[in-house]
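Trainee: Pasting a structure here, questions to come.
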Amino acid sequence: MLNLKQARIDFPILTDIAYMDSAATSLSPEQVLNATNEFERHYRANVGRGVHRLTNIASQKYWHAHEKIAQFIGGENGTTVLTKNTTEAINMVASGTKWKKDDNVITTILEHHSNFLPWINLREKDVEVSVIKTDAQGSLNISDLEDIISENTKIVAVTHASNVLGNIMPVKEIAAICHDYGAKLLVDGAQSVPHIPINVTELGCDYFCFSGHKMLGPTGTGILWMKDADIKPLLFGGGMIGEVSMDGFTFAEGYEKYEGGTPNISGMIGLTRAVEYLENIGMENIEKHEEKLTKILIEGLSDINGVAVYGPQDSSDRIGVVSFNVNGVHPHEVAHVLDEGAGIMVRSGEHCCQPLMKHLGLKNGTVRASLYIYNTEEEIELLIDTIKELVRRL
């Protein structure tokens, strides 16, 4: 098991900054960078095409990546498909599902635009889209779902953990309700997979989507996991077919059916190494580390007069995403002060969640500190002290 304090030295970018924007994109350790460079330097070749030694090495590692990632999320019995990101994965389900008039989709006000717009866009196909609102802390009342779900509901799409409020959704309960009505459950796991142990089989979802770049992996990598590979492919072309004739074609088996064209091979190899890195630390250890830091941050900010903290106050009910505002100061200005004054990198704005911001009455959005394995108590205290000094000067 890798010690978290020792792990910090694996991130060369952390020489003079405190990085707290991992909900947008995480940093990558040297081990991931080395894995992608090894592919480019020593066995760069296409996969599933040819029989020479380089393509055999690349193909084996690419196949292993699917297997390793499926194991990481407890999805060995499903189909694991490489995508560019969570956005593409969700759009593959939305566009690949066979829809008919009066079908219904249910989502929530918490969603990132990537798990909101693909469903709203289906209204062009006469699909009804219902949006469940939450309370100010982001909590979903299960009875609200029970009130609107019906036999016409084809998909329920929810985030596993909010990228604004940090709260964790009751996915198991939602899955049980969905299946009682014959609906399928899609879970946006972009914010949960990097931070807490995940087992998609135990969650009971039908589709699970997440991004590699938020979990120490390269950009341009994502995953669509399907319990049953029952959607139509988004892309048609090389690599996703079994046989082609003048009269038609057959699909390839397994994940290849959904991966038309040359994939991001180096990215997938890098993502595999990121998974191994996380496993070496232990997801339970990561969860405990972030919960401890989140508790310190929430309590420290909440004690400052003139600072509003959003989301659940109990750090055990959320991931390490903490949104807050300083009264009378635009979130962008707060983020600028943290960067210029203390070398702390945070996100500011609407976080691709405009419907939620309007629901909460936050016209300028929030400041968001999102934590990960490389953050320390000293960095959290520095952020709190910097905000205290900002408030003192107002």
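Each reported figure results from applying straightforward, stated rules to the coordinates on display, with no laboratory input. Since the model is a prediction, treat every value here as computed from it, not as a measurement. Because the Cβ atoms are built from the backbone with ideal geometry, glycine has one as well, and the counts that use them run over all protein chains shown.
Trainee: Using a Gaussian network model on the chain with a 10 Å cutoff between Cα atoms, which of Thr86, Thr376, Thr15 fluctuates the most?
Mentor: Greatest mean-square fluctuation among the candidates belongs to Thr15.
Trainee: Another one. Among DSSP bridges having both ends in the chain, what percentage is antiparallel? Round to the nearest 5. Could the numbers behind the result be given before it?
Mentor: Details: 27 of 46 bridges.
Just about 60 percent of them are antiparallel.
Trainee: What number, in percent, do you get for the relative contact order of the range 1-69 if the mean sequence gap of Cα pairs under 8 Å and at least 6 apart is divided by its residue count? Write out the running numbers ahead of the final one.
Mentor: Working: 33 pairs, mean separation 13.0, N = 69.
So the answer I get is 19 percent.
Trainee: Right, another one. Name the most mobile residue of Ile174, Ile17, Ile384, meaning the one with the largest mean-square fluctuation, in a Gaussian network model of the chain with Cα contacts below 10 Å.
Mentor: Ile17
Trainee: Could you give the distance between the Cα centres of the range 346-369 and the range 73-109, to the whole Å?
Mentor: Comparing the Cα centres of the range 346-369 and the range 73-109, I get a distance of 25 Å.
Trainee: Between (i) 27, 55, 17, 1; (ii) 24, 48, 19, 5, 3, 1; (iii) 26, 59, 14, 0, which matches P(r) over Cα pairs in 20 Å bins from 0, in percent calculated for the structure shown?
Mentor: Read-out from the structure maps to (i).
Trainee: Label points 7 Å out from Cα along the Cβ direction at Glu146 and Glu30: separation in nm?
Mentor: The two pseudo-label positions are separated by 5.5 nm.
Trainee: Using only helices, what value at 222 nm comes out for the chain when you add -39,500 (n - 2.57) per DSSP H run of length 4 or more and divide by the total residues, to the nearest 500 deg cm²/dmol?
Mentor: Working: 13 runs with 146 residues, N = 394.
Calculated from helices alone, the mean residue ellipticity at 222 nm is -11500 deg cm²/dmol.
Trainee: In whole angstrom, how far apart do the alpha carbon centroids of the range 134-201 and the range 215-241 sit?
Mentor: Each part reduced to its Cα centre gives a spacing of 22 Å.
Trainee: Follow-up question, since we're still on this one. Within 10 Å, at most 10 other Cβ atoms, and a DSSP state outside H, G, I, E, B define an exposed site. Report the longest part of the chain free of exposed trypsin sites (Lys or Arg not before Pro).
Mentor: Values: sites that count: Lys98, Lys100, Lys101, Lys363.
Longest stretch, sites excluded: 102-362.
Trainee: Another question about this same structure. What does the charge count around Val346 come to, taking other residues whose C-beta lies under 9 Å from its C-beta (Lys +1, Arg +1, Asp -1, Glu -1)? Numbers along the way, then the final one.
Mentor: Values: positive: Arg347, Arg368; negative: Asp21, Asp339.
Here the charged neighbours net out to 0.
Trainee: Further question on the same structure: Sort the range 322-394 into rounded, prolate or oblate with this rule: let a ≥ b ≥ c be the square roots of the eigenvalues of the Cα gyration tensor; rounded if a/c is under 1.5, and if a/c is not under 1.5, prolate when a/b is larger than b/c, oblate otherwise.
Mentor: On the way: a/c = 2.29, a/b = 1.36, b/c = 1.69.
Note, shape of the range 322-394 comes out oblate.
Trainee: Which FRET efficiency value, to the nearest 0.05, is calculated for Lys100 and Lys292 with the Förster distance at 41 angstrom and r the Cβ-Cβ distance? All intermediate terms of the calculation are to be shown ahead of the outcome.
Mentor: Numbers: r = 49 Å, r/R0 = 1.21.
Plugging the Cβ-Cβ distance into 1/(1 + (r/R0)^6) gives 0.25.
Trainee: Let me ask something else about it. Note the full-extension length gain between Thr262 and Asn305 as 0.36 nm times their separation in residues minus their Cα-Cα distance, in nm to one decimal. Before the final figure, lay out the partial values.
Mentor: On the way: separation 43, 0.36 × 43 = 15.48 nm, distance 5.44 nm.
Difference between extended and current length: 10.0 nm.
Trainee: Using a Gaussian network for the chain with springs between C-alpha atoms less than 10 Å apart, which of these wobbles most: Ala161, Ala190, Ala136?
Mentor: Ala136
Trainee: Quick one: compute the contact order of the chain, relative version, from alpha carbon pairs under 8 angstrom and 6+ residues apart, as a percent.
Mentor: Numbers: 777 pairs, mean separation 88.6, N = 394.
Relative contact order comes out at 22 percent.
Trainee: Using a cut-off of 11 Å between beta-carbons, work out the net charge of the residues near Gly365 (Lys and Arg +1, Asp and Glu -1, Gly365 not included).
Mentor: Working: positive: Arg347, Lys358, Lys363, Arg368; negative: Glu350.
Neighbourhood net charge equals +3.
Trainee: Further question: Considering only Tyr258, Ile57, Asn104, whose Cα is most displaced toward the positive end of the charge dipole of the chain, charges sitting on Cβ of Lys, Arg (+1) and Asp, Glu (-1)?
Mentor: Sorting the options by dipole projection puts first Ile57.
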